[in-house]
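Please read the structure below before turning to the comments.
The values are calculated or read from the model by the stated rules, or taken from the named source; none is laboratory data. Just so it is clear, the structure is predicted and the values come from calculations on it, not from any experiment. FYI the Cβ positions are ideal-geometry reconstructions off the backbone, even for glycines, and counts take in every protein chain you see.
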Amino acid sequence: MAALSIENVKKSYGSTQVLKGINIDIEKGEFLVLIGPSGCGKSTMMNSIAGLESITEGRILIGGEDVTHANPKDRDIAMVFQSYALYPNMTVRGNISFGLEVRKMPKPEREKQVQKVAQLLQIEHLLERKPAQLSGGQRQRVAMGRALAREPKIYLFDEPLSNLDAKLRVEMRAEIKKLHQRLGTTIVYVTHDQVEAMTLADRIAVMRDGLLQQLASPQEIYDRPANTFVAGFMGSPPMNFIDVTIDSSDSLTINAGQQQYQLPLPQGYDLSNYVGKSVILGIRPEMITEPVQHKAGLPEVAVLKLKTLLTEAMGADTMVLTQLGDKELNCRINPSHSVEINQHSEFMFDMSKAVFFDAQTEVLI
Amino acid sequence: MKQSYNLNINADATKNLSLLDSVKNKANRYLQQRSILQHLLRIVLYVILLTMAFIYLAPLLVMVMNSLKDVEEIRNGSLLALPQDPSLAAWSKAWGSACTGSTCEGIAPFFINSFKIVLPAVAISTILGALNGYVLSMWRFKGSDLFFGLLLFGCFIPFQVVLIPMAMTLGWLGLASSASGLILVHVIYGMAFTTLFFRNYYVGLPRELVSAAKIDGAGFFLIFWRIILPLSPPIIVVTVIWQFTQIWNDFLFGVVFSGADNLPVTVALNNLVNTSFGGKEYNVDMAAALLAALPTIVVYVFAGKYFVRGLSAGAVKGA
């Protein structure tokens with residue numbers, strides 16, 4: 001039985017439809033990340049699960065129980081808010097135990113639970129402080145503590161790390177992952193940060209304009225994005241899209257202005273229905289590198305001469321913006337390899353992980 | 001660009017140093033001129049402020065001075081002279097034995113009347129305003145903005161307009177000429193203001209606080225009591241001062257709705273001033289007026305700084 005089932009959920013504000021029929025099933029102990037650009041409906045989806053907003057159509061089931069019309073308090077969920085929403089007038093202890101107190105847990109038990117959670121999150125020394133006396137990271141921990149204390153069926157995280165600075169965000173991300181592994185909790189996590197999504201999720205739900213674009217494991221989403229939107233949204237810098245024509249079962253042509261380039265097709269990719277037609281080739285920046293010895297001569301690899309427009313040293317690798325006809329391509333090369341700006345240099349295209357999208361529908365082939 | 005500039009400085013350091021000095025001198029002179037101008041402006045500012053304060057306080061000063069004189073002194077001398085032989089006789093007469101119409105018990109009994117009306121009216125209108133504001137900011141419903149807009153009309157309707165309908169309503173309710181009736185009138189009239197105050201304050205609080213508390217399992221009143229009210233002292237102080245001043249100072253509703261047994265002090269003051277046997281006792285009039293104004297002054301002196309703070313409050317740290 002699914003821990004959380006979202007069945008054909010629709011939501012409208014007046015004539016604007018925010019959710020257009022979302023279906024998601026989440027298993028017990030699963031970490032699901034909802035991701036999408038702002039305005040895609042992910043926060044509305046989250047609030048609907050929490051019961052903070054009502055839905056227009058469809059059903060929401062938690063642990064098999066229909067909670068579509070239940071109050072938030074009757075859904076057995078806990079939520080961590082982007083702004084933390086700690087009660088400013090209460091101490092950390094008060095914040096964590098408030099939910100338990102409201103649910104009439106006896107005081108000794110409550111105290112034990114607060115201690116347990118505080119220990120888990122290493123905030124024992126902060127228990128008597130007020131939220132205003134805490135740093136951002138500490139507030140974040142307290143907000144998580146408040147959610148953990150009740151041990152609900154489902155945890156909802158609404159962009160919980162977006163108010164932290166970069167370093168703290170990475171730390172807390174790892175901490176959330178560890179907590180999830182340790183406690184085996186069911187988590188729905190909303191974010192617009194694709195690194196968070198990739199690193200945390202068991203499965204990612206990519207949303208756009210109130211529609212679910214793809215629901216799959218992070219690797220699946222990265223390697224086989226359902227359409228060009230998902231492909232462009234996940235991954236930084238984004239996947240390169242190139243208009244190409246499929247020549248035969250093992251090669252394609254890039255029509256870049258006057259020049260034409262040939263590239264091999266990935267093996268086992270069935271494009272037989274598209275021979276002679278235009279499609280969109282999607283290739284990740286890390287698959288376009290400087291020529292490397294160990295790949296030379298492989299059937300799925302080709303070397304093209306491209307003009308370098310810009311280089312960005314990232315430390316671990318160097319991002320290179322190159323020109324292919326009227327298109328610009330992001331490539332990722334080894335920092336020890338140098339390329340001259342405005343000069344043509346050789347780049348190796350590894351087509352083994354290339355994907356193709358229908359030119360009209362932009363859906364994965 | 002930047003690099004070549006740096007090189008230049010190194011190449012001709014001495015020249016650049018002297019250049020730097022002359023720039024410094026110019027800057028200093030400019031700053032000096034500026035600070036003299038600023039001083040002058042500051043002085044002008046204070047002169048204006050002090051003048052305005054004096055103009056504003058002069059009537060109070062005249063009242064205090066004359067309340068300490070005896071009637072003869074006021075009649076003979078100028079109104080503006082300092083009292084030759086200050087005494088509190090006028091004050092005690094105003095408080096305990098001056099005639100207000102047919103009775104001669106001073107304004108003391110009416111003082112009590114006023115408190116009997118003002119305290120419940122302030123308390124009830126503040127509580128209702130807080131609840132209204134809480135609903136209109138945190139539990140919005142369809143049409144709640146329209147509702148709020150209509151409620152605000154209450155702030156702009158002059159007292160005189162509602163006198164007759166209010167009198168009829170009180171008659172139907174059987175509350176005509178009673179203290180409860182007058183309290184009801186003040187509560188209704190004040191609610192528009194108190195709701196406005198609380199609603200605008202609560203709009204500044206993060207709504208996620210309420211969401212979090214809902215998920216924690218708390219209901220409407222528990223959230224209000226445990227989360228929202230503890231954040232409200234600044235706006236409670238503002239509202240209480242405002243309501244206290246308004247209701248204490250009210251004359252029109254008091255004279256119309258209170259009935260003979262519950263006249264508030266403002267009405268009594270009017271009666272006192274208008275009741276004269278022989279000559280006018282200006283000293284008693286002024287002492288009575290000062291006494292009648294005392295509670296609002298006291299409230300402002302003790303809670304004034306919270307008033308100013310509350311008006312500019314709103315942001316909650318650490319929420």
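A residue that is of a type in the set (Gly, Ala, Ser), touching a strand residue (DSSP E or B) at 6+ places or on another chain (Cβ under 6 Å) and not in a strand (DSSP E or B) can be found somewhere in the range A:44-58.
Listed here are the residues, each with its yes/no results for (1) of a type in the set (Asp, Glu); (2) under 19 Å from B:LEU229 (Cα atoms); (3) touching a helix residue (DSSP H, G or I) at 6+ places or on another chain (Cβ under 9 Å).
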residue: B:ILE157; (1), (2), (3): no, no, yes
residue: B:VAL161; (1), (2), (3): no, no, no
residue: B:ILE164; (1), (2), (3): no, no, no
residue: B:SER177; (1), (2), (3): no, no, yes
residue: B:ILE183; (1), (2), (3): no, no, yes
residue: B:PHE193; (1), (2), (3): no, yes, yes
residue: B:PHE198; (1), (2), (3): no, yes, yes
residue: B:VAL203; (1), (2), (3): no, yes, yes
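If the condition is being more than 13 Å from A:SER48 (Cα to Cα) and more than 9 Å from chain B (Cβ to nearest Cβ), then the range A:67-79 contributes only A:ASP76.
So which residues in the range A:106-126 are more than 24 Å from A:THR185 (Cα to Cα) and in contact with a helix residue (DSSP H, G or I) (Cβ under 8 Å, 6 or more places away or on another chain)?
The answer is A:LEU126, and nothing else.
Looking only at residues in the range A:96-105 that are touching a helix residue (DSSP H, G or I) at 6+ places or on another chain (Cβ under 6 Å) and at the interface with chain B (Cβ under 9 Å from one of its Cβ atoms), the one that is surrounded by the fewest Cβ atoms within 10 Å (Cβ to Cβ) is A:VAL102.
Considering B:ALA167, B:ALA213, B:ALA218, B:ALA192, the condition of being of a type in the set (A, V, I, L, M) and outside any helix (DSSP H, G or I) is satisfied by B:ALA218 alone.
So for the range A:117-134 (the condition being of a type in the set (Gly, Ala, Ser), within 13 Å of another protein chain (Cβ to nearest Cβ), surrounded by fewer than 18 Cβ atoms within 10 Å (Cβ to Cβ) and touching a residue at least 40 places away in the same chain (Cβ under 8 Å)), does at least one residue qualify? The answer is yes; a qualifying residue exists.
Selection within the range B:224-253: residues that are closer than 30 Å to A:GLU151 by Cβ and in contact (Cβ under 8 Å) with a residue 40 or more places away in the chain. The member of this set that is farthest from the other protein chains (Cβ to nearest Cβ) is B:PHE224.
Listed here are the strands (runs of 3 or more DSSP E) enclosed by the range A:248-341 that have at least 3 residues being at positive phi and touching a residue at least 24 places away in the same chain (Cβ under 8 Å), and there are none. Of A:LEU156, A:LEU161, A:LEU215, all but one fail to be under 19 Å from the mean Cα position of the chain (by Cα), of a type outside the set (Ser, Thr, Tyr), part of a loop (DSSP other than H, G, I, E, B) and crowded, with 19+ Cβ neighbours inside 10 Å; the exception is A:LEU161. Take the conditions (1) touching a residue at least 40 places away in the same chain (Cβ under 8 Å); (2) under 23 Å from B:LEU128 (Cα atoms); (3) crowded, with 24+ Cβ neighbours inside 10 Å; B:ARG199 misses just one of them, which is (3). Answer yes if at least one residue in the range A:136-150 is closer than 18 Å to A:LEU34 by Cβ and in contact with an Asp or Glu (Cβ under 6 Å, 6 or more places away or on another chain), and no otherwise. No: the range A:136-150 contains no residue that is closer than 18 Å to A:LEU34 by Cβ and in contact with an Asp or Glu (Cβ under 6 Å, 6 or more places away or on another chain).
For the range A:196-206, state whether one or more residues are farther than 30 Å from A:GLN17 by Cα and in the same structural domain as A:GLY63 (by TED's automatic domain parsing). Yes: the range A:196-206 contains one or more residues that are farther than 30 Å from A:GLN17 by Cα and in the same structural domain as A:GLY63 (by TED's automatic domain parsing). Annotation: A:THR311 fulfils all but one of (1) loosely packed, with under 13 Cβ neighbours inside 10 Å; (2) under 30 Å from A:ILE35 (Cβ atoms); (3) of a type outside the set (A, V, I, L, M); (4) not assigned by TED's automatic domain parsing to the domain that holds A:GLU27; the unmet one is (1). Residues that are of a type in the set (Gly, Ala, Ser) and either at pLDDT below 90 or under 26 Å from A:GLY99 (Cα atoms) (or both) within the range A:175-203 comprise just one, A:GLY184.
Note on the range A:135-153: among residues that are among the polar types (S, T, N, Q) and in a helix (DSSP H, G or I), the one that is farthest from the other protein chains (Cβ to nearest Cβ) is A:GLN140.
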